[in-house]
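> Provided herewith is a single structure, encoded as structure tokens, for subsequent inquiry.
The values are calculated or read from the model by the stated rules, or taken from the named source; none is laboratory data. Predicted model only: the values in this text are computed from it and were never measured. Virtual Cβ from ideal backbone geometry, glycine too; neighbours counted across all protein chains shown. Protein only, heavy atoms only, side chains kept; ligands, DNA and RNA dropped before computing areas. Shrake-Rupley method; radii C 1.70, N 1.55, O 1.52, S 1.80 Å.
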Amino acid sequence: ITETKRRLALEEQFQKLTQRLPVGLFQFAKRADGAFDVLYLSEAAPKISGLPWREQFENPSVFNELVFEEDRPAYLESLARSISTLEPWDCEFRIRTRDGVDKWIRINAAAEGANGEITWSGYIADISSRKRQEMEIEELAFYDPLTRLPNRRLFLNRMGQAIASCKRRHDFGSLLFIDLDNFKTLNDTLGHDMGDALLVQVASRLKACVRS
């Protein structure tokens, strides 16, 4: 039984190692008949998704139900692309766990095909913290801290996109310039706090007039 003992020792060692990983490891397969199977989940995977370990084996599609509705098309498209090309399945998307917690998730898995079946081996990670930092950096770089409106840098970027889009479609666009009369007088007489309050109110009204 030497070989069996050695295999069990390796499995125990592997379990100890995966317990310390910040990501969940998984193996996922698409059978020749089109059905999907979960072949392996490390202990961290159910903790990330919030789904019971056994339920994911019994119903592989249950995870899809957690994906944000607006993120689901891109999520499913990335899986379909990996199925057709055997490229790695790599996707970032949002989920809402059953207890109402929103998370950003990344799945990255290598695909292997044989005998009409495809097997993905990879990891699932909670990247919520990184996404929050990215959004904070973007907020600082592209939005005015007082009004929360896009700043000049983002305006110039979007303006360039709009011009390029008009050229491609042989279309026309327009630029609306809004000035605030006597704004300098307001600042000089009532102070910058009142000027800031006016800007915040104007920004709020502008945002209420246009799409996101």
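> Considering only residues that are touching a residue at least 60 places away in the same chain (Cβ under 8 Å) and over 21 Å from the mean Cα position of the chain (by Cα), look in the stretch 105-163 and name the one that is most open to solvent (accessible area, probe 1.4 Å).
Checked the stretch 105-163; the qualifying residue most open to solvent (accessible area, probe 1.4 Å) is Asn115.
> Spot the failing condition for Arg54; the list is (1) on the phi < 0 side of the Ramachandran plot; (2) within 19 Å of the chain's Cα centre (by Cα), and only one is missed.
Arg54 satisfies every listed condition except (2).
> While we're here: If we keep just the residues of the stretch 155-177 that are assigned to a loop (DSSP other than H, G, I, E, B) and of a type in the set (Phe, Trp, Tyr), which is farthest from Pro145 (Cα to Cα)?
Phe172
> Might you check whether a residue that is in a strand (DSSP E or B) and at pLDDT below 95 occurs anywhere in the stretch 12-24?
The answer is yes, given that some residue of the stretch 12-24 is in a strand (DSSP E or B) and at pLDDT below 95.
> Determine the pairs where a residue that is in a helix (DSSP H, G or I), located within the stretch 178-197, has a partner that is of a type in the set (Phe, Trp, Tyr) with Cβ atoms under 8 Å apart, the partner being 6 or more residues away or on another chain.
Gly195/Phe183
> Would you pick out the residues in the stretch 164-184 that are open to solvent by less than 100 Å² (accessible area, probe 1.4 Å) and either farther than 23 Å from Val202 by Cα or aromatic (Phe, Trp, Tyr) (or both)?
Ala164, Ser165, Cys166, Asp171, Gly173, Phe183, listed by residue number.
> Give the residues of the stretch 82-104 that are open to solvent by less than 40 Å² (accessible area, probe 1.4 Å) and small (Gly, Ala, Ser), sorted by residue number.
Ser82, the sole residue that qualifies.
> Among the residues of the stretch 1-53, which ones are open to solvent by less than 70 Å² (accessible area, probe 1.4 Å) and of a type in the set (Ser, Thr, Tyr)?
Thr4, Thr18, Tyr40, Ser42, Ser49
> Here is a further query. Could you list, in sequence order, all residues of the stretch 41-78 that are touching a residue at least 40 places away in the same chain (Cβ under 8 Å) and within 20 Å of Glu12 (Cα to Cα)?
Listed by number, the list holds a single entry, Ala45.
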